[in-house]
1. Can you list residues whose amide H is under 5 Å from Gly201's amide H, if they're 5+ apart or on another chain and H is modeled 1.01 Å from N?
2. Fewest first, what order do Trp131, Trp63, Trp58 take by the number of other Cβ atoms within 10 Å?
3. Could you line up Tyr47, Tyr135 from fewest to most neighbouring Cβ atoms inside 10 Å?
4. Show me 146-155, 95-104, 120-129 ranked by packing, highest mean number of other Cβ atoms within 10 Å first.
5. Of all beta bridges DSSP finds with both residues in the stretch 113-267, what is the antiparallel percent, to the nearest 5?
6. Gly28's amide H: which non-local residues (gap 5+, or another chain) put their own amide H closer than 5 Å, with H modeled 1.01 Å from N in plane and none for Pro or chain starts?
Amino acid sequence: MSVTPQQSDPAAADHDDPAPFEVLNPEGKSPMLLVCDHASRTIPKMYGLLGLDEAMLWRHIAWDIGAADVTRRLSAAIDATAVLAGASRLLIDVNRRFDDPSLIPARSDGIDVPGNRSVDEVDRQRRINAWHRSYHDEIARQIVAKRRKGIVPGILSVHSFTPVMNEFERPWHIGVLWNQKSRIAEPLMERLKANTSLVVGDNQPYTAEEPYGYTIHVHGQDNGLPFVAVEIRQDLIDTHHGAESWANLMADATNHVLAARAPFEAE
């Protein structure tokens, strides 16, 4: 499995900082393109820790715990290209539209983010160009590369969710978020639900029917491509063992989708 990290704007981040995105397995033969919006908890050095304690960057407010680990393992298991975002969503949330107030959150899950309290337009555009736009431009490039090979890619976005939210213990092990159920979500849920030990959320704990998220709608829906997002409960994938188990489950379910629906067609 090859890894291609890239830096789009050297002036926008310290040379020791990770690139704004990482590409795994660029020559992957699977028609499924994996994306992971909240893969990283990294804050570029020029921003310090945004005024937060280091411990806060290990919490779900900074990243989707376990999502990158699952994405990496799934990429290898199904021979799929994957694009992972390189910066914490506390710096900028690449799964938000530019007019969304939570694009650069001043507060996240009850935690104040001092470094985001008064972001001027110059800094806002720097973050957008160096971290948000770079990531999405790379996803677009990977889609074009697939199409040039005669492949209509399906977009699979990997996220994770907290076990408890607002004192509600979420019962789902995994949620499948869709806005076009028959193309990927239906066979994906069919395979996952065949495992009777799993509680599978149907547009739970979030829904993709409303265009709240940015990535799957811009790259999937707006391009007429099949797309789906999955949310895996974080306590199930916060260890390498758990991530490996869930990558295997997802590989089996994804192969079921490809057997049932591939080759995909664009709408």
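1. His173, Ile174, Gly175, Val176
2. Numbers: Trp131 27, Trp63 24, Trp58 12.
Ranked by crowding around the Cβ, least crowded first: Trp58, Trp63, Trp131.
3. Working: Tyr47 19, Tyr135 27.
So the ranking, lowest neighbour count to highest, is Tyr47, Tyr135.
4. Numbers: 146-155: 17.3, 95-104: 15.8, 120-129: 13.6.
Put in order of decreasing packing, that is 146-155, 95-104, 120-129.
5. On the way: 6 of 16 bridges.
Taking every DSSP beta bridge with both residues in the stretch 113-267, the antiparallel ones total about 40 percent.
6. For Gly28, whose amide H was placed from the backbone, the distant partners under 5 Å are Thr81.
Coordinate-derived values only; no laboratory data. Remember, it's a predicted structure, so these values are computed and weren't measured experimentally. Cβ: placed from backbone, ideal geometry, glycine included. Neighbour counts: every protein chain shown.
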